[in-house]
Amino acid sequence: MGGWRKPKSGQYESLIGLLVLGIAVLAFFVVAITLQTTEVTVTQPASSLVILETVPVWYSWQAPPLFAVIAAIAIGATVVVAFVVLELRDANMSRRSHDSRHKKLSPWVLMHSTEGVFHGEVTVTVLIPAHNEEKLIAATINSLMEQDRKPERIIVVADNCTDKTVEVAQGLGVEVFESVNNVDKKAGALNQVLKVILPDLGENDTVMIMDADTVLRQGFLKTAVKHFTDDRGLSAIGGLFFGEDRHGLLAQIQKNEYTRYAREITRRKGLVFVLTGTASIFRARALQTVAEQRGKLLPGTPGQVYDTHALTEDNELTLALKSLGALMSSFPECMVETELMPNLRALWRQRLRWERGAMENIATYGITSTTARYWSQQLGLAYSVFALWTYFLLIVLQIVSSDVWIWYPFWIFMAFLFIVEKVWTVRKADWKAKLLASTLVIELMYDTFLGIIFVKGVIDMALKRQAHWGDAPRVTKHRKESNEIC
C-alpha cells in the first residue's frame, strides 16, 4: 500500500456529479416506463359520502399491490443494512489494526506506543476562531469559564477582525492570537495558531476547536476529559449541537433538524459521522499526526492540520482522522448550542457550502473503505430527493387528470405514520417542536428546499463550476508584526 495519491484534475469531482445525476435520470426513466407498461386494475371503485349534507367526499380503498409494498420495504432495508455494514466494517478494521505505517492513529497503535508511561493529567486548550464576532464572543468565552471543569487555556484566534473582537476577548482575560496575512479563512487562521502551540503539547494534552457563535452546555469538558483519561486510544470527541434560543418558523425548523441529528448520533452509540466544527476536541497527537501525513497518506499541504482547499474543513478533518484509523466518538453530555441561519438566503449559502464541501471531500479522497459510507450517503440523498419530487409530481398529475379529489385511506395511513415518526423524533424537545412536526407539510417543504440545494451542488460538481463560501469577500489586513499569542 502506498501513500495518498492526488487524483487527476477533476477526475472524481466530475464523477460524483455525473454519477448522482445519472442515477436520478435512470430512476426517472424506470418509473416512466413502468407507468406506461403497467396496467393498473382498479379493484375498489371510488365511493362518496356527504358531509354536512352538502359537501361530497370521494374515497377509494385502492392500495398498491402487496408485492410492491414488500419489495419497497425490502429494498429500503437492504440499503440501510449495506450502509451499516460498510461503516461498521471500516470502524472495526481501524480499531483492530496493528498497522502503524498506515493506521497511525488506530487505538492499538496509540495504546502500544504509550504503554507503561504516565504522560500527566489530561489538559484542554480551547481555540476559538473568530472573524468580527464582538457581539457573540463574550457568550462563547463565558460558557467555557462557567464549565465545572474549566480549560487550562482559552485562545481567541482573531482572523482579519475589523471590529472589537480582540478588545472584548482581552477584557475577559483570555489569550488572543491574531492571524497574519491570512487569505484562507477559518482553516488558515487555525493552521497558523496550531503551528505555534502543537509542538509543545504532549500525549495527554487535548485541543478543543469551537466556533465563536457557539456556547457549551454544562458538563461538556468534564465528560470529554474523563473519556480521554479512561481511553488512551481515543483521538477525538465531537459535540452534539442544538439550535440557539431564536424564535420564528425557520429557526424552529432548523432546531428540529438539529434535534433529530443529535438523536441519530446518540442512537449510533456515539459513532461519529462528522466531527462538528461547532465544538470538537482532539488529542494533540491526532492533530500532530494529521499535519505530518499531509502530502503523504493524506491530501493537503505538509505540516498543516487543516486542508485550506476544503470548503468544509471539519468534514475533511474527520475523513483525515478516519483514514488514519482514529477512534472518535460523541457523548450525550457533550452538547453545544449554535447559531441558526436567520433567513433563507443565509441558509441557502450555508447548506450549499456543506453539500458541495462534503462531495468535494470524498471526491478528493476517492473510493476507499473509509469513504464508502459517505459515497453511499450521497447516492441515498439523490434517490430520496428523486422519490420526494416524484411523489409531488404524481399528486399534481392526479389533480389535473381527475374531476374530483379522491382520498385514499392507505396513503392517509402512511401519512399518519410519517407524522408519528416526525413527532417521535423530536419528543424530547419543547411543544413548539412537536407542533411543527405534526403538520408534516412544512417540514416536507423544507426537505424540498434542501433537495434543491443538493441538486444545485451536484450540478456544480458535474459542470466543474468554481466553488466558494458564498459570503462577501474579505479585505485582508496586512500586518508587519509577527503572530504572537498575547
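Suppose each label sits 7 Å from its Cα in the direction of the beta carbon; what would the Lys269-Thr390 distance come out to in nanometres?
Here the modelled spin labels are 3.5 nm apart.
Restricting attention to the stretch 43-132, which GluC sites (Glu not before Pro) occupy a DSSP loop and are surrounded by at most 15 other Cβ atoms within 10 Å?
Glu53, Glu115, Glu121
With an 8 Å Cα cut-off and a minimum separation of 6 or more residues, compute the relative contact order for the chain in percent. Walk me through the numbers before you get to the answer.
Values: 772 pairs, mean separation 109.4, N = 486.
Answer for the chain is 23 percent.
For the chain, find the longest principal axis of its Cα atoms and tell me its angle to the long axis of helix 344-365, 0 to 90°, nearest 10.
That helix lies at roughly 70 degrees to the long axis.
With axes computed from alpha carbons, what is the tilt in degrees of helix 441-462 against the longest principal axis of the chain, rounded to the nearest 10 within 0 to 90?
60
Roughly what % of DSSP beta bridges within the stretch 233-335 run antiparallel, to the nearest 5?
Looking only at bridges with both residues in the stretch 233-335, the antiparallel portion is about 40 percent.
For a footprinting-style exposure proxy, rank Leu435, Leu110 by other Cβ within 10 Å, fewest first.
By the 10 Å Cβ count, ascending, the order reads Leu435, Leu110.
Sort the stretch 169-288 into rounded, prolate or oblate with this rule: let a ≥ b ≥ c be the square roots of the eigenvalues of the Cα gyration tensor; rounded if a/c is under 1.5, and if a/c is not under 1.5, prolate when a/b is larger than b/c, oblate otherwise.
oblate
Cβ neighbours within 10 Å, averaged per peptide: list 190-197, 415-422 in order, most packed at the top.
190-197, 415-422
Using a ≥ b ≥ c from the Cα gyration tensor of the stretch 116-204 (square roots of the eigenvalues), is it rounded, prolate or oblate, where a/c under 1.5 gives rounded and otherwise the larger of a/b and b/c decides, a/b for prolate?
In terms of gyration-tensor shape, oblate.
So what are the radius of gyration and Dmax for the Cα set of the stretch 52-125, in Å?
Every Cα atom of the stretch 52-125 included, Rg and Dmax give 27.5, 85 Å.
Between Asn142 and Ile412, what length in nm is gained on full extension when 0.36 nm per residue of separation is reduced by their alpha carbon distance?
That works out to 92.3 nm of additional length.
Report the convex hull volume per residue for the stretch 329-429, counting only C-alpha atoms, in Å³.
Expressed per residue, the convex hull around the Cα atoms of the stretch 329-429 is 203 Å³.
I'd like the antiparallel share, as a percent to the nearest 5, of DSSP beta bridges with both residues in the chain.
Around 40 percent of the beta bridges assigned by DSSP in the chain are antiparallel ones.
Report the local net charge at Lys135: Lys and Arg +1, Asp and Glu -1, summed over other residues whose C-beta lies under 10 Å from its C-beta.
Counting the neighbours of Lys135, the net charge comes to -3.
Once you've got the Cα coordinates, tell me which of Lys255/Lys456; Lys422/Lys456; Lys269/Lys464 are over 30 Å apart.
In this structure, Lys269/Lys464 lie more than 30 Å apart at Cα.
Assuming a ≥ b ≥ c are the square roots of the Cα gyration tensor eigenvalues, decide whether the stretch 58-171 counts as rounded (a/c under 1.5), prolate (otherwise, with a/b larger than b/c) or oblate.
Note, shape of the stretch 58-171 comes out oblate.
Does anyone have the angle between helix 284-293 and the longest principal axis of the chain? Alpha-carbon axes, 0 to 90°, nearest 10?
In the chain, helix 284-293 runs at an angle near 80 degrees to the longest axis.
Mind ranking 156-163, 256-263 by how tightly packed they are, going by the mean number of other C-beta atoms within 10 angstrom, highest first?
Per-residue Cβ counts within 10 Å, averaged per peptide and sorted highest first, yield 156-163, 256-263.
Full extension from Leu397 to Lys226: what is 0.36 nm times the residue separation minus their Cα-Cα distance, to one decimal in nm? Let's see the in-between values first.
Working: separation 171, 0.36 × 171 = 61.56 nm, distance 5.80 nm.
55.8 nm is the gain from fully extending Leu397 to Lys226.
Taking the Cα-to-Cβ direction at Lys296 and at Leu249 and moving 7 Å from each Cα, how far apart do the two end points lie in nm?
Here the answer is 5.5 nm between the modelled labels.
So what's the back-of-envelope 222 nm ellipticity for the chain, counting only DSSP H runs of four-plus at -39500 (n - 2.57) apiece and dividing by all residues, rounded to 500?
So the calculated ellipticity at 222 nm is -16500 deg cm²/dmol.
Since every read-out is calculated from the coordinates, none of them should be taken as a lab result. A quick note: this is a predicted structure, and the numbers were derived from the prediction, not measured. Note that we place each Cβ from the backbone using ideal geometry, even for glycine, and neighbour counts take in every protein chain shown.
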